[in-house]
Amino acid sequence: MRFYENILGTIGNTPLIKLNRITAGVKPVIFAKVESFNPGGSVKDRIGVEIIEEAERKGRLKPGGTIVEATSGNTGVGIAIAAAIKGYKAIFTMPDKMSVEKIRLLEAYGAEVVITPTAVPHDSPESYTEVAKRIVRETPNSILANQYFNPKNPDAHYKTTGPEIWEETAGQVDAVVCGIGTGGTISGVGKFLKEKNPHVKIIGVDPKGSVIRDYFYTKQLNPAPKVYKVEGIGQDFVPGTLHFEYIDDIIEVSDKESFLMARRLAKEEGILAGGSSGTALAGALKVAKNFSEQHVLVVIFPDTGERYLSKIYNDEWMRQNRFLEPERITLHYLLQGKPKDIPPLVAVAPTDTVRKALSLMEECDVSQVPVIDKGRSIGSIIESELLGAVLKNQSLFDVAVSTIMGESFPLLNAESTIEDAVELLTRENPAVLVEEQGKIIGIVTRFDVIDYLSK
């Protein structure tokens, strides 16, 4: 019989896949090391079991113990799988920008998940790393996996990922391109490959907003890193598991480049990968111009795209975050990107009372509404003007809005541009109505335009 003793035996030996369509016109051959073939769907499966077994050998982790970790999701899955096999409890802290799929996945393995704010400093008591430390202090018989400073993180890749790339390419690899999160993958792979061939180039890719690239070149830490959307890579500090001596270059890639590249990867190569894989591939294509037809590049794809179906593979989310933009920004496009928690058009009838209009505006959190009669705009209600009127004369609460309404908002076709709307959004026009095929389908306010332009 041919079988594995348990699921942990299937970790590693992930395939190297040649990219074809997406690399058309690129000189070097580019292979993808597709880590989603691991049982937990990511490269982090490699370090989960390594960290746990080291803690067992040293006696830090005892039977019935609890493993705590700050994770963007994937390390948590790797640890949760090993914990399930070995009978440990797992508790994970995660920033609130992480996809709901990752949270549900960890819970499916029996882990407890604690959500923390993203937009706080690394050393804040609210950060996911500091909350994890607090949980360890408060939980008897527990350990912190500590992937950001645990030397077993890069060791796992020195023992497995690096040798696999060397063997799969028959020693012909010229460069490895890899996103940087904890730094464990790039450091372990880089160390192994440079021992085999000092001329192999190790190239890191950092999301725009992270501090890693700037620190690599300046040795100074940016005190005000920016928030970015891509998950699992980038940092606002320098992890102890990141060893710059094995890295030759670090390039920067934006969220938009990352996500659009990941979507192309699915459609052109049939590989459904996460946003950080898009980051790595976008970086690989940028540096490919420095290599010839004789060179072999390997780019590491850390995880599966199934964990991001609600985000980067969701057109609505992509539009709301302005990652999917047409060349011509129409009002129809603007309406599609508005939050879906309120209807695209909040309106009142001419016979509705002022009281009802005010109640509707409060309920929907809007400051102006059109007055619609038989599908046609006949007037408008502006909250500040309405409140001023009823403060002077409270009897107006129960009169029909038609007796107190103002002029109709201007009407624009759905294919009109955002520039057309800006021209009309003067002091007298706080909003414009959007019409499609003779029907009013939505409203665009000054706030909507300013909110879009500010992102």
Equivalent ellipsoid semi-axes - Cα gyration tensor, the stretch 305-349, angstrom: 24, 15, 5
Kirkwood Rh (inverse of mean 1/r, distinct Cα pairs), the chain, angstrom: 24.9
Calculated SAXS-style log₁₀ I(q)/I(0) at q = 0.09, 0.14, 0.17 Å⁻¹ - the stretch 328-454, Debye, Cα scatterers: -0.24, -0.58, -0.85
Beta bridge orientation in the stretch 45-144: antiparallel %, DSSP, nearest 5: 0
DSSP loop GluC sites (Glu not before Pro) with at most 14 other Cβ within 10 Å: longest gap in the chain: 127-292
Over 29 Å between alpha carbons, listed pairs K86/K208; K86/K133; K194/K226; K27/K152; K226/K286: K86/K208; K194/K226; K27/K152
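What is the sum of charges around M405, taking Lys and Arg as +1, Asp and Glu as -1, for the other residues whose C-beta is under 12 Å from the C-beta of M405? Intermediate values should be presented prior to the final figure.
Details: positive: none; negative: D352, D373, E385, E407.
Result for the neighbourhood of M405: -4.
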Mean Cα-pair separation over length for the chain, i.e. relative contact order, pairs under 8 Å, 6 or more apart, %: 13
Relative exposure of Y217, Y452, Y246, judged by other C-beta atoms within 10 Å (fewest first): Y217, Y452, Y246
Total lysine pairs under 20 Å (Cα atoms) in the stretch 328-454, excluding pairs fewer than 8 apart on one chain: 5
Förster-model FRET efficiency, 25 Å R0, L387 and I441, C-beta, rounded to 0.05: 0.35
Relative contact order %, the stretch 83-185, counting alpha carbon pairs below 8 Å whose residues are six or more apart: 18
C-alpha center-to-center spacing [the stretch 117-172, the stretch 266-340] in angstrom: 26
FRET efficiency, A24 to A224 (Cβ-Cβ, R0 30 Å, nearest 0.05): 0.15
Ranked I440, I81, criterion: other C-beta atoms within 10 Å, fewest first: I440, I81
Translational D in µm²/s for the stretch 45-144 (Stokes-Einstein at 25 °C, 0.890 mPa s, Kirkwood Rh from C-alpha pairs): 183
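No lab work stands behind these numbers, since they all come straight from the coordinates. The model shown is predicted, which means the values in this text are computed figures rather than measured ones. A quick note on method: Cβ atoms are made from the backbone with ideal geometry, for glycine too, and the neighbour counts reach across all protein chains shown.
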